[in-house]
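The structure under discussion appears below in the form of structure tokens.
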Amino acid sequence: MSLGELKKLDLRKQWPHEALDFTKWLAKEENIQILADELEISVEEIKVEEATGRYNADIVAKEANTGRVIIIENQLETTDHKHLGQILTYASAHDASIIVWVVKDYTEEHKQAIDWFNRNMPETISFFLAQLELWQINDSLPAPKFNIISEPNNWAKTIKQAGRIEKGSPSELKLLQQRFWSEFKEFVNKEKPQTILNLGRTPRPQHWFDISIGSSKVNLSLTFNSKQEQVGCELYIRKDANLYERLKAQKEIIEAEIGYSLDWMDLPESAAFRVTLSKKGDPTNEDKWPEYHSWLKLTAEKFQKAFKGKV
């Protein structure tokens, strides 16, 4: 068996100028999606060199599912105090909730600073430190890789915010949801390499679990709905009525591929469109989790096969 040689490349040879080359490259949808997948967020409304008083933030965007403001500061060098200060300035000026520092390398002191922010900031504010690497196999095209060095510990924040978790409280439900998704991820990963699903995200204490299908325009979202007693799978389309109508025009073909009639949600006043399928059942009943996990996996695979080539 012949194997290739894996080589780590110099970032500055690929992007000589941080603002003119790298930031413009990262701001393109297909490139920022690579970073977004690692951060487990969905990015839209991307703006480059956004004015912040006398300064310009490298990238300002929004998180698609929540509308929270995202700040991305790029530094193709080792972290320094100047850029740390800039991040805080930009975050306060734009009232950002998600702050991302993309760097070539980092010092332990700056990693500790980001970790400290995540321990002491409210749960609604998240700091990320991401190290960028560029790799090549023989003479292949260079491939970027983002390594998440520091990120918020949502499990710990949930427990901290909840204080004493009482039975039946909202906090108990959040922790149950996180365990549901954790066990779902374990269930799916046991099926590799047969499954087509890529569950890179860390399960979080929330009622949904997003799955990327390789497009910044849409994502799959699995849902845990204890109030309506159902689990579900949906295609979430961000502010793109034309794409939604184009897919709806293929409704019969798509539903035949999936094997079920779907709920096509026309929401002209909303920031998104949804195509959904649900299964009745109480997701808080842990004895039924294997059944729900199996249904979610199979349905998500059908959705991905049906929609991926059409978005």
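If the condition is being open to solvent by 30 Å² or more (accessible area, probe 1.4 Å), over 29 Å from Leu197 (Cα atoms) and not in a loop (DSSP other than H, G, I, E, B), then segment 1-14 contributes Arg12, Lys13, Gln14.
For segment 111-141, a residue qualifies if it is outside any helix (DSSP H, G or I), open to solvent by less than 30 Å² (accessible area, probe 1.4 Å) and touching a Ser or Thr at 6+ places or on another chain (Cβ under 9 Å), and the qualifying residues are Ser126, Phe127, Phe128, Leu129, Ala130.
Checking each residue in segment 174-228 for being within 23 Å of Lys305 (Cα to Cα) and of a type in the set (D, E, K, R) picks out Lys185, Glu186, Lys190, Glu191, Lys192, Arg201, Asp210, Lys217. Restricting attention to segment 160-207, which residues are of a type in the set (A, V, I, L, M), in a loop (DSSP other than H, G, I, E, B) and modelled with pLDDT under 75? Of everything in segment 160-207, just one residue is of a type in the set (A, V, I, L, M), in a loop (DSSP other than H, G, I, E, B) and modelled with pLDDT under 75, namely Ile165.
May I ask you to verify whether Pro203 is more than 21 Å from the chain's Cα centre (by Cα) and open to solvent by less than 20 Å² (accessible area, probe 1.4 Å)? It is false that Pro203 is more than 21 Å from the chain's Cα centre (by Cα) and open to solvent by less than 20 Å² (accessible area, probe 1.4 Å). So which residues in segment 97-120 are free of Cβ contacts under 8 Å to residues at least 12 places away in the same chain and aliphatic (A, V, I, L, M)? Within segment 97-120, no residue meets the criteria.
Scanning segment 253-301 for residues that are closer than 19 Å to Asn189 by Cβ and not polar (S, T, N, Q) yields Trp289, Pro290, Glu291, Tyr292, His293, Trp295, Leu296, Lys297, Leu298, Ala300, Glu301. Considering segment 208-311, the qualifying strands (runs of 3 or more DSSP E), each wholly inside and each with 2 or more residues that are buried (at least 17 other Cβ atoms within 10 Å of the Cβ), run over 208-211, 218-225, 230-238, 272-280.
Checked against the criterion of being open to solvent by less than 40 Å² (accessible area, probe 1.4 Å) and modelled with pLDDT under 90, segment 20-32 contains not a single residue that satisfies it.
Restricting the first member to segment 181-206 and to residues that are within 19 Å of Lys288 (Cβ to Cβ), and the second to residues that are modelled with pLDDT of 85 or more and of a type in the set (Ser, Thr, Tyr), the beta-carbon pairs closer than 9 Å and six or more apart or on different chains are Phe184/Tyr292; Phe187/Ser294; Pro203/Ser182. With respect to Lys62, is the statement that it is under 20 Å from Ala93 (Cα atoms), surrounded by 17 or more Cβ atoms within 10 Å (Cβ to Cβ) and without any contact (Cβ under 8 Å) to a residue 60 or more places away in the chain true? Yes, satisfied.
The values are calculated or read from the model by the stated rules, or taken from the named source; none is laboratory data. All of these numbers come straight from a predicted model, not from anything done at the bench. Here the Cβ is made from the backbone with ideal geometry for all residues, glycine too, and neighbour counts use every protein chain on show. Side chains are part of the model used for accessible areas, which takes the heavy atoms of the whole protein and leaves out ligands, DNA and RNA. Shrake-Rupley method; radii C 1.70, N 1.55, O 1.52, S 1.80 Å.
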